[in-house]
Amino acid sequence: MRELPHQPPTDEIFDALSDVHRRRILISLLDHNPQTIDQLSSASESVSEMNTG
C-alpha cells in the first residue's frame, strides 16, 4: 500500500496564508454556502451596529 505524504493540519495551512488570501477564501465560502444565524451574541450585535453606523 502506498503511503500518503504528511499533510499539515488545515489550521496551519490557513495560518500560513496572508490576510488577503484568508479573506478571499472566507468570502468565497460564504458566497458559495451562506449560513443563517438565528440569534446574534451580544458581541456580534455590537459589531453589527458599528458596521451599520
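Read the figures in this text as sums done on the coordinates, not as results from a lab. Just so you know, these numbers come straight off a predicted model, no measurement behind them. Because the Cβ atoms are built from the backbone with ideal geometry, glycine has one as well, and the counts that use them run over all protein chains shown.
Assorted remarks:
- Size of electric dipole in the chain: Cβ of Lys, Arg +1 and of Asp, Glu -1, about Cα centre, debye, nearest 20: 240 debye
- Listed residues LEU29, THR52, SER41: farthest to the positive end of the dipole of the chain (Cβ charges): LEU29
- Using the Cβ-Cβ distance between HIS32 and THR10 with R0 set to 25 Å, the FRET efficiency works out to roughly 0.90.
- Option label - mean projected area of the Cα convex hull in nm² computed here, alternatives [x] 3.5; [y] 3.0; [z] 6.7: [z]
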